[in-house]
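Just so it is clear, none of the values below were taken in a lab; they were calculated from the coordinates. Source: prediction; values computed, not measured. Cβ coordinates were reconstructed from backbone atoms using ideal geometry, including for glycine residues, and neighbour counts include every protein chain displayed.
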């Protein structure tokens, strides 16, 4: 290959060193992004199917919240175990088996017509789905340069929002023409194939590295006595609870309270999802490149912004102009759904690297416990006050509380990247 003599030899050396690394980072991040796109299709597609499930099974709002919460319950119950299993047995076994289980459970659920069966199957699917975040977090730390961790976390988590956006557009159409079971069956099959692919393709680090990791994780006490990790786990429970409540009820709110058509309501949900995807990437880039890897300086204002926009949503009604509704939905997506990349980056920063899998699992257990409580609670508030307004205002208060909690987290000092010439 000819060498460009116009480029100094020193710069040519830098290019030869950097381009392969950049390509390796990009390949890993893209693969993780696609895993989240595929494997989030059922969990984040269920909100788009809620009106059809409610119509077919005759559920109340509280029962709908409970059905959605059963998925979160499975994630919460299995989250800690899956985090530890990833550190001990490796990502290939944990994620390969877990995601395959999730896909099978969603597929069987698509053929079920009773609430007890759906609750059990959604819980099993949630247990399998709980493997995705510890697995992909650990891969970022193993395979991506540290200076890109915030961006990588944001991009991979954006896969979930992109999946939610696509399912918000497609699932209502499928639901109208073929029924909600067809959409859920297709998503379950795709997740199962993804799990099998991970099991076949992924290669973990040498067993000796995992054995060393096992020796460093002798008890749960090490994590539970980490003050900053516990604060972040509680805060994440609040934020994920908000996220699931928004995704579960936004379409119903659009149809029942705002009096929108099904396509317009689905578009509102889709805008919220895609704005969340943009936010997860954007805030990670801002944190990495504008604030030198500091997370709190972005994370805290984001929670206050979510509180303000949720409060604004509580005042929307059927007379609100459609363009304003789209702007509010986008604002909620960017703030209330766009936090996860930063949140995971902050979580993994406050624990030793060998504990990242277990810490991610513990964080997920707390996070989805918040969803278990807050999703049916939202429906309960609406049913007993007959006002969506009160429920949105309650979420605004929760978002404000989450911001206040993060203020007490001690963020590690970010390491400065080496100079380009070094």
| Separation of the residue 225 and residue 201 label points, Cα + 7 Å toward Cβ, nm | 4.2 nm
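Please state, as a whole number in µm²/s, the translational diffusion coefficient that the Stokes-Einstein equation yields for the range 34-144 at 25 °C and 0.890 mPa s, with Rh defined as the Kirkwood radius across alpha carbon pairs.
Details: Rh = 14.4 Å.
It comes out at roughly 170 µm²/s.
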| remark: So the pair-distance distribution of the range 19-406, from every Cα-Cα distance in 10 Å bins, comes to percents of 5, 25, 36, 24, 8, 1, 0
| said: What FRET efficiency comes out for residue 308 versus residue 286 if R0 is 22 angstrom and r is the Cβ-Cβ distance? Round to the nearest 0.05. | reply: 0.70
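Within 10 Å of each residue's Cβ, count the other Cβ atoms and sort 307, 112 from fewest upward.
Values: 307 23, 112 17.
Going from least to most buried by this count: 112, 307.
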| field | Peptides ranked, highest mean first, by Cβ atoms within 10 Å: ranges 23-35, 90-102 | value | 90-102, 23-35
| said: With a cut-off of 8 Å between alpha carbons and a minimum separation of six or more residues, what is the relative contact order of the chain in percent? | reply: 27 percent
| query | By how many degrees, 0 to 90 and rounded to 10, does the Cα axis of helix 180-201 deviate from the longest principal axis of the chain? | reply | 20 degrees
| note | Proxy exposure order for 194, 39 (fewest C-beta within 10 Å first) is 194, 39
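Sort 374-387, 272-285 by packing, meaning the average of other beta carbons within 10 Å per residue, with the highest value first. Could you put the intermediate results ahead of the total?
On the way: 374-387: 19.2, 272-285: 24.6.
Those peptides, ordered most packed to least, come out 272-285, 374-387.
What ranking, highest mean first, results for peptides 65-77, 252-264, 390-402 when packing means the other Cβ atoms within 10 Å averaged over each residue?
Values: 65-77: 25.2, 252-264: 16.8, 390-402: 20.8.
With the highest mean Cβ count within 10 Å placed first, the list reads 65-77, 390-402, 252-264.
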| query | Which whole number of Å³ per residue matches the convex hull of the alpha-carbon atoms in the range 222-306? | reply | 112 Å³
| said: Between the range 232-294 and the range 102-128, how far is it from one alpha carbon centroid to the other, in angstrom? | reply: 25 Å
| query | For the chain, what is the calculated [θ] at 222 nm in deg cm²/dmol (nearest 500), taking -39500 (n - 2.57) for each run of four or more DSSP H residues and dividing by its residue count? | reply | -26500 deg cm²/dmol
| remark: Listed with the fewest Cβ neighbours within 10 Å leading, 104, 173 appear as 173, 104
| task | Pop the C-beta distance of residue 261 and residue 390 into the FRET formula with R0 = 25 Å and round what comes out to the nearest 0.05. | result | 0.45
| query | Any idea what the relative contact order of the range 282-346 is, in percent, if you count C-alpha pairs under 8 Å spaced at least 6 apart? | reply | 48 percent
| message | Using only the alpha-carbon atoms, how far is helix 115-129 inclined from the longest principal axis of the chain? Give it as 0 to 90 degrees, nearest 10. | response | 10 degrees
| task | Taking 7 Å along the Cα-to-C-beta vector as the label spot, tell me the residue 143-residue 55 distance in nanometres, rounded to one decimal. | result | 4.2 nm
| message | How big is the range 124-213 along each principal axis, measuring the range of its Cα positions in Å and listing the largest first? | response | 52, 27, 21
